[in-house]
Each structure stands twice: as C-alpha cells, then as structure tokens.
1. Hey, could you check segment 390-412 for residues that are touching a Pro at 6+ places or on another chain (Cβ under 8 Å) and over 17 Å from ARG438 (Cα atoms) and say which is surrounded by the fewest Cβ atoms within 10 Å (Cβ to Cβ)?
2. Give just the number: which of (1) without any contact (Cβ under 8 Å) to a residue 60 or more places away in the chain; (2) farther than 21 Å from LEU174 by Cα does ARG13 not satisfy?
3. Determine whether LEU57 is within 22 Å of the chain's Cα centre (by Cα) and either within 23 Å of GLY109 (Cα to Cα) or crowded, with 19+ Cβ neighbours inside 10 Å (or both).
4. So the check is Cβ under 9 Å with 6+ separation or different chains; which pairs have a first residue in segment 163-184 that's within 16 Å of GLY288 (Cα to Cα) and a second one that's of a type in the set (D, E, K, R) and crowded, with 18+ Cβ neighbours inside 10 Å?
5. State yes or no: is ALA155 more than 15 Å from LEU232 (Cα to Cα), outside any loop (DSSP other than H, G, I, E, B), under 18 Å from the mean Cα position of the chain (by Cα) and in contact (Cβ under 8 Å) with a residue 24 or more places away in the chain?
6. Output the residue which, of all residues in segment 369-414 that are of a type in the set (Phe, Trp, Tyr) and not in a loop (DSSP other than H, G, I, E, B), is modelled with the lowest pLDDT.
7. Which of the residues spanning segment 310-357 are over 25 Å from GLY83 (Cα atoms) and of a type in the set (Asp, Glu)?
8. How many residues does segment 302-327 contain that are in a loop (DSSP other than H, G, I, E, B) and either buried (at least 22 other Cβ atoms within 10 Å of the Cβ) or basic (Lys, Arg) (or both)?
Amino acid sequence: MSADLIALDDGVRTWRAADIELQAMALAQQLTAQGTRVLATLMDNSPVWVIADRAALQAGIVHVPLPAFFTPEQIAHALGAAGVDTVLTLPPVAARWPQAPAVPCEVAGQPFTLLRLPARAVPMPPGTAKITFTSGTTGAPKGVCLTAAAMQRVADGLVAAMAPLQVQRHLCALPFAVLLENIAGLMAPLTAGATCIVLSLQDVGLTGSSSFDVARFHAAVVRHRPNSLILLPQMLRAWTGYLAQTRQRAPDSLKLVAVGGAAVGMGLVQAARSLGIPAYEGYGLSEGASVQTLNLPGRDRPGSAGAALPHARLRIASDGEIEVAGSLFAGYLGDAHAPGDWWPTGDLGHVDTDGFLHVDGRKKNLLITAFGRNVSPEWVETALRGHPAIGQAVVFGDAQPTLSAVLWPLAADADEAQLQAAVDAANAQLPDYARVQRWARATAPFTADAGMATANGRPQRAAVLARHAQALGIPAPAVA
C-alpha cells in the first residue's frame, strides 16, 4: 500500500494510505499506554474501523470485531470468552456499560469512547491477531482465532488472482466485522493499491444482519461506480429482482460482484448477469481465514463455487467431505487443540476434472429416506435453484418415502405453473430417489428477519419445516 495512494473514500473525503497509518500509529500508542491486550470494536463501517484494525496490528493487540447485529447476549459472550479489556465504540453505545470506566478519545477527529473492562487473561493460540465470532445457528457465537500471516496469505492470493481485472475501486457493502468483507473487501484491495469506498451500512441499504434497502444500495452503486463488490446471496437476489422490476441495469463500471456466505445457484447467477451484474460465486469459511475458491472472468463455471485461489489447497476425503489447507486458523477460543495441516470443513463436495469445486451439502444435513437412501438436501436444492423461476429452496424427506420442498420464487409474480415447471426440470436431472414429489410455496423469503435463515443466509431448516409442514403433509419438528 503506497503512502500516496488514495486508500479510502468515505463519500465526504478521501484518505491517503499515509493518513491511515499516522492515525493508526496514534491510536496504537494510546492503547499500548493504557495496557490494552485485547481490543473489541463495536461500530459502523467507517475509516475509523480501518484505523482501529491497523492500530491493533501495529501494537500487537488482539482485535475482536463485533457485528452491530449481535444481540446483547452474544456481545457479552464474545467479550467474556475473548477476555476483552478495552472496547472502542461511540459514546451513545458506550452508555450500555454504565459501570465500565470510560476514557474519551478522538480518532480521525471524531469523538469515540474507550471502555475499560476488568482484565482477565484468556488462553488463546500463539500468534492470534484477530478473533472472529461466527453467529452460526445458536445463540453463543464461536471464536475463531486468526494469525496475521494467515489473513495476509488470503489477501495476497486474492490480489494475484484478480490482477487481470485491474480493480481500482471496491465498494464495501458488508459489515467490516464480517470476515469476508474484512479480508476480501479491505485487506486485499488495500494490498493491491485500490481505493475502498467506505460508507455507513445505512448508506448501502443494510440494517442489522438482513434488512436490505435495495433501492438505496443501487443508488450508492450508481453514484460511486465501483469496479467490485461482495454480496450475500439474498442481497444479490434482491438487487436482481429490483433491476428486473424497474427495468434498469447495473453500472458498467462493475467488473466483479463476488457472492459468498451461502449457496447461490446457477439460476440466480445467470439472471444477475443478464442485468449487467457480473456475479461470480465463491466459497470459504472462517477457519480458512475466509475465501478459498472463486469463479472469475476467464475461469468460470456457473453452478460451481470456483477454482482454488493461489493461497488455498483442496482435497476431498473418502466420505466426500471437503478439506482445505494453506491459510488455516490458529484454533478456537477455549479449545487447546490446534488444527492440523488440513481442516475438515463439514461440507460435502467434489472437484471436477477442470479443478472447479462443487459444494453438495453439509454432512450434518444428510437425510435418509424411508427407503434407506442417503440424500444431501443441498444437492437437490442446487438443482432446484438452477431454474430461473426459483430463488430459494429447502428440501425435506428424512424418514419419508419421497422428498418435499419449500420454494420461494425468484420473481414475486411467478405462478404455480412456473414453479411446477421448475420442479419438473430439476427432477429430470436427478435420480428417482432424489426427486421432489411435493412442494409448497414459502410464506416468506428465507431471511433472518423472517426467522428462517442465519445472518449469512443459510436456511434454518427446522424453522422452515415448522411453518410449512402442514402444507407439505409431513410431521412438524418437535418443539423443545
């Protein structure tokens, strides 16, 4: 990152790389002087977040980015589990901890508060530079400990793979506390000398974990004309639908819209591209310091998760589980076991003869039909989403003679005949035991707000079934 290059653009002013480093140095000195060992940040996307991240790295302080969409209980769990002794946040947010000593501070000319929490040493893997907490499907997030070297390997791999695109402006559309944006949307562009457009999340239409104002988002993209974006599948789905409904196209400045966090599906990718969105699916996990594979212009296979990036190695275990190496985490908080050279992802998949990864589902989601056939529901769901009429699908069938599905259309005005045609087309690609015999139209999209998905878009299967079991004619899950 050359000192004279424009590193950040917040929509009001621009920040040279040298400006960021000077501000980070000042904050690092203040944190070191007060004895900070573990710093949590709880704030919106802004240049200050970037400065705090750099300051922690300079000072050898562990950084714990906390998503603003975490519940108070999840935040309390993360603070305690990581042994956080300092929280950097805005004064109104600091008021949530009236008992904690508060030190006023100024970062980049803006008033912030450093909250001092009781110091408590927590064992963590050697070399831990950042702890990212995954929200997952339970209330207690899991702490993934990452080294600076592992994160930089991912950033360098992305820079090398994307060099032919010559990305000069990246618009940050996800929270920086989400590892994917932190690494691929900040570290990689800044390493490459590109400018990161850093707006508040509200200015890009994102509120909480899943409330998305697509019109505001589109206006930001049109105004700032980035070359690249990173989106979650539900954001791409909403943008595609918005452009189709309003008869608009995405700005021609875009060269890459990377999509990750959950499965995308060929139908959505093709629909997005028809509207000028250069959508390319990728795959990664926090334990691998985010992205591992990515489709790219010139090396692209829609329906796959892309080929391995330069920093990543892949292999498929004998039971079909995807294993990764090359940029692994240092370990989990509270777990003394360090990962080996290869990490079992919990995902099932295969690599085709051209090196593209295909994710077939989660090991733990494997269902067994009443006829004893093992079926990964994600395999069938991918086939369903391959049809342009279907935006989201969740498949059931454990202990049932046939499979059933809950479907949410890509276009709101899709009728029953179009959905049935999509199911028929998917069934034509599948063996008889994996075909969907019954389906129901979803009562709402599968989002976190609707209570039917995690924050990153993975379906909450039990919740989906509970709402649609009667329509499908299958037993509802037992209520705990």
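The values are calculated or read from the model by the stated rules, or taken from the named source; none is laboratory data. These numbers were taken from a predicted model, which means no experiment stands behind them. Quick reminder, even Gly has a Cβ in these numbers, built from the backbone with ideal geometry, and neighbours come from all protein chains shown.
1. Filtering first and then ranking leaves LEU410.
2. Every listed condition holds for ARG13 apart from (2).
3. Values: within 22 Å of the chain's Cα centre (by Cα): no; either within 23 Å of GLY109 (Cα to Cα) or crowded, with 19+ Cβ neighbours inside 10 Å (or both): yes.
Against the criterion (within 22 Å of the chain's Cα centre (by Cα) and either within 23 Å of GLY109 (Cα to Cα) or crowded, with 19+ Cβ neighbours inside 10 Å (or both)), LEU57 does not qualify.
4. Once the first residue is within 16 Å of GLY288 (Cα to Cα) and sits in segment 163-184, its partners that are of a type in the set (D, E, K, R) and crowded, with 18+ Cβ neighbours inside 10 Å give LEU179/LYS130; ASN182/ASP53; ASN182/LYS130.
5. Values: more than 15 Å from LEU232 (Cα to Cα): yes; outside any loop (DSSP other than H, G, I, E, B): yes; under 18 Å from the mean Cα position of the chain (by Cα): yes; in contact (Cβ under 8 Å) with a residue 24 or more places away in the chain: yes.
Yes, satisfied.
6. TRP379
7. ASP319, GLU321, GLU323, ASP341, ASP347, ASP352, ASP354 - these are the residues of segment 310-357 that are over 25 Å from GLY83 (Cα atoms) and of a type in the set (Asp, Glu).
8. Restricting attention to segment 302-327, the residues satisfying the condition of being in a loop (DSSP other than H, G, I, E, B) are 303, 305-306, 309-312, 317-320, 326-327.
When the remaining residues are screened for being either buried (at least 22 other Cβ atoms within 10 Å of the Cβ) or basic (Lys, Arg) (or both), the result is 305-306, 309, 311-312, 327.
Result for segment 302-327: 6.
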